[in-house]
1. I'd like the full set of residues that are over 11 Å from the mean Cα position of the chain (by Cα) and aromatic (F, W, Y), limited to the range 147-166.
2. Sort out which residues of the range 106-128 are in contact with a strand residue (DSSP E or B) (Cβ under 9 Å, 6 or more places away or on another chain) and of a type outside the set (K, R), and write them in order of number.
3. Please enumerate the residues belonging to the range 154-193 that are farther than 16 Å from A34 by Cβ and in contact (Cβ under 8 Å) with a residue 60 or more places away in the chain.
4. Do we find a residue being within 18 Å of L106 (Cα to Cα) and hydroxyl-bearing (S, T, Y) anywhere in the range 161-178?
5. Here is a list: E116, E107. Which entry is closer than 18 Å to R153 by Cα and surrounded by fewer than 15 Cβ atoms within 10 Å (Cβ to Cβ)?
6. Kindly list, by first and then second residue, each pair from a residue in the range 86-109 that is on the phi > 0 side of the Ramachandran plot to a residue that is basic (K, R), limited to pairs with Cβ atoms under 6 Å and residues at least 6 apart or on different chains.
7. Taking strands (runs of 3 or more DSSP E) that fall entirely within the range 20-97, which contain at least 1 residues that are touching a Ser or Thr at 6+ places or on another chain (Cβ under 7 Å) and either open to solvent by less than 30 Å² (accessible area, probe 1.4 Å) or at pLDDT below 95 (or both)?
8. When you scan the range 175-234, how many residues do you find that are aliphatic (A, V, I, L, M), open to solvent by 70 Å² or more (accessible area, probe 1.4 Å) and not in a helix (DSSP H, G or I)?
Amino acid sequence: MTQDPLLTGLAALAVEPPESLLERIAARWVRVPAPIGELAVAYTDQGVAYVHAGEGFPQAFRERFGRPLLPAARPPAGLLPALRTGRLGGLRLDLRGLSPFQRSVLEAAREIPRGEVRPYAWIAARIGRPRAVRAVGTALGRNPVPLLIPCHRVTRSDGMVGDYVFGSPAKERLLIEEGVDLERVRALAGERVFYLASDTTGVVCFPTCHNARRITAAHRHGFRSLAQARAAGYRPCRTCRPAQDVPA
């Protein structure tokens, strides 16, 4: 790895810079195992800033963040279990540089439980921008910390998983490992069923909601839209909070 000019300049100072200054200027990085293979992770004094798979990590980080990189002896506390489980615990994230819209999209994606998926339109509705479905997809594609913010749990409503920063095969692998029945989701979508309702509870859910998975066949009813389900007398689930009438 070539020496960063900023670090070279710091090294040439007559007086050694304080460690706190270096931590504010540079980012530390490590390579760590993850469910989809080895990842490179950069973190600052504010938290984890970047998660990258494949080659070209140093260049990609500098182009995006403009900070020099220093190797770290060990990952920050909590990083490995967070990558493995998708739960941050006490792990902090450094999301400086993101627009308010991007932050709102990523915060909404964090609400999706493990083993469940939501359509892009759900994110758009959740942040109060129901017409911004395409912009939501763009924001998720620029997620700097995949896995830690589970953008892989946002999928297309036609049953396809959609794009992912690490590629669609990795997205499918992650969802299957989390317990999402993608074949069932695709089969329902092929029948134009995007919502499932129970005639015992009177509630309508997204198909992967844990409440929907408990509905027995005799009491299960499928609907293309939330408007149809409401017209039939069903109310939206308070857990998965379906909010869009037309799937994205």
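1. Pass one, the range 147-166, residues over 11 Å from the mean Cα position of the chain (by Cα): 156-163, 166.
Once the filter is applied, which keeps residues that are over 11 Å from the mean Cα position of the chain (by Cα) and aromatic (F, W, Y), the range 147-166 yields only F166.
2. Of the residues in the range 106-128, the ones in contact with a strand residue (DSSP E or B) (Cβ under 9 Å, 6 or more places away or on another chain) are 106-112, 117-120, 122-123, 126.
Hits for the range 106-128 are L106, E107, A108, A109, E111, I112, V117, P119, Y120, W122, I123.
3. Looking only at the range 154-193, we keep the residues that are farther than 16 Å from A34 by Cβ, and these are 154-163, 168, 179-193.
Within the range 154-193, R156, S157, D158, G179, V180, V185 meet the criteria.
4. Yes: the range 161-178 contains one or more residues that are within 18 Å of L106 (Cα to Cα) and hydroxyl-bearing (S, T, Y).
5. Values: E116 fails: surrounded by fewer than 15 Cβ atoms within 10 Å (Cβ to Cβ).
After applying the criteria, what remains is E107.
6. That search, which allows pairs on different chains as well, returns G86/R114.
7. Values: elements: 27-32, 39-44, 47-53, 69-71.
Output list reads 27-32.
8. So the first thing to find is which residues in the range 175-234 are aliphatic (A, V, I, L, M), and the list is 175-176, 180, 182, 185, 187-189, 193, 196-197, 203-204, 212, 215, 217-218, 226-227, 229, 231-232.
Still in the running and open to solvent by 70 Å² or more (accessible area, probe 1.4 Å): 176, 217-218, 231.
Imposing the further condition that a residue be not in a helix (DSSP H, G or I) reduces the set to none.
Matching residues across the range 175-234 total 0.
The values are calculated or read from the model by the stated rules, or taken from the named source; none is laboratory data. Since the structure is predicted, the reported quantities are computational estimates derived from the model, not experimental observations. Virtual Cβ from ideal backbone geometry, glycine too; neighbours counted across all protein chains shown. Surface accessibility is based on the protein's heavy atoms, side chains included, excluding ligands, DNA and RNA. Shrake-Rupley method; radii C 1.70, N 1.55, O 1.52, S 1.80 Å.
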